[in-house]
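Step one of this worksheet: look at the structure below.
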Ligand SMILES: C[S@@+](CC[C@H](N)C(=O)[O-])C[C@H]1O[C@@H](n2cnc3c(N)ncnc32)[C@H](O)[C@@H]1O
């Protein structure tokens, strides 16, 4: 079998990505599909200091790739996934914050941007928020104090930004107790504790009354939701009449006419990413649009921003290959290391068009037009 090794280098370390040699004794179709099964970290002296073999996920595992709306939010599979998500972010959030700051999402770049510095990436993460608001038609907050819910809030970067921008009141929810605590700490430190607050809660059973929020914000949390239908219906439930819903999320490509599922190699690639990042079934952008359409919402729009996020993952990998990044990664723990080692799979997924970075927005009809 022909094998190709891909190497990503920084002055301190390089990352060598090569196929696991399963050979004729142990044929594994996945190894011939993804070139990134075996991962080695190498010093400039060509000494290998870390070797990691990604396990191929069994295709009979619980995460199916195309979301079929089976409600499994109460199942033990969901409980297990929930625990994994919480632990993953408990473990990795301070590392992320130390290197990247308080936004745990992609940056938005001009297509074909090259030579981007770390401070440009931080600017691009803010731009992501601004572009999302612009896409949803939200350039100003209106006269009354706006109420915002940040669904899957991380350490609260979006909430604090939105609170400052719109003088809004924000409530954030996350599965990670460490994130909720850090988000509240940062709010306090920035004099925003009277405006923003964070708690541990499940996006699929939000602790809020119906119709509370003028802006329902989900920045890169939807991909963790095992039941997209329930997720969307919760977003719609807590939105106020006239309120906006903004979902920015990872999707798989839309299926072609006549296609019933992704191709097997695409499914296998996504399964490996699911395993590393604690993700359940993926769905397409078209699927989100359909779910929103089932709720009689207005102004439903979507866009593919994959080209605008292209510089992001190479930059994250580069930052992990600095000495600070690498030692922090080793200290963070196995879940974080496994996530980091799956990052090249995201690049592969985007390059091959399997993964799409999507925005989907809509508005809940105001009372006058809905009654
Ligand atoms: C990639 S981070 C994004 C964080 C934040 N939105 C940002 O842009 O900085 C994903 C977030 O989704 C949260 N999350 C995942 N599943 C969730 C669920 N069912 N309920 C609440 N939060 C969830 C995680 O705890 C984490 O905070």
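The values are calculated or read from the model by the stated rules, or taken from the named source; none is laboratory data. Remember, it's a predicted structure, so these values are computed and weren't measured experimentally. As a convention, Cβ positions derive from the backbone with ideal geometry for all residues, glycine included, and neighbour counts pool all protein chains shown.
A few remarks follow.
- Subset of segment 123-148 [within 17 Å of residue 207 (Cα to Cα) and within 14 Å of the ligand (Cβ to nearest atom)]: 148
- The criterion of at least 1 residues that are more than 24 Å from residue 124 (Cα to Cα) is met, among helices (runs of 4 or more DSSP H) falling completely within segment 286-363, by 323-332, 334-341.
- Only one of the numbered conditions (1) out of contact with any strand residue (DSSP E or B) (no Cβ under 8 Å at 6 or more places or on another chain); (2) in contact (Cβ under 8 Å) with a residue 40 or more places away in the chain is violated by residue 120, and that is (2).
- Neighbours by Cβ (under 7 Å, 6+ apart or cross-chain): first from segment 191-213, closer than 18 Å to residue 177 by Cβ; second away from the ligand (no atom under 15 Å from the Cβ): none
- Considering segment 161-179, the residues that are more than 9 Å from the ligand (Cβ to nearest atom) and in contact with a strand residue (DSSP E or B) (Cβ under 6 Å, 6 or more places away or on another chain) include one that is nearest to residue 124 (Cα to Cα), namely 162.
- Restricting segment 91-119 to residues that are over 18 Å from the mean Cα position of the chain (by Cα) and under 17 Å from residue 305 (Cβ atoms), the residue that is farthest from the ligand (Cβ to nearest atom): 112
- Filtering 200, 151, 216 for residues that are crowded, with 19+ Cβ neighbours inside 10 Å and near the ligand (Cβ under 10 Å from one of its atoms) leaves a single hit, 151.
- Total residues in segment 80-116, condition farther than 20 Å from residue 335 by Cβ and out of contact with any helix residue (DSSP H, G or I) (no Cβ under 9 Å at 6 or more places or on another chain): 2
- Qualifying position, being under 16 Å from the mean Cα position of the chain (by Cα), at pLDDT 95 or above and closer than 21 Å to residue 234 by Cβ, among 297, 292, 279: 279
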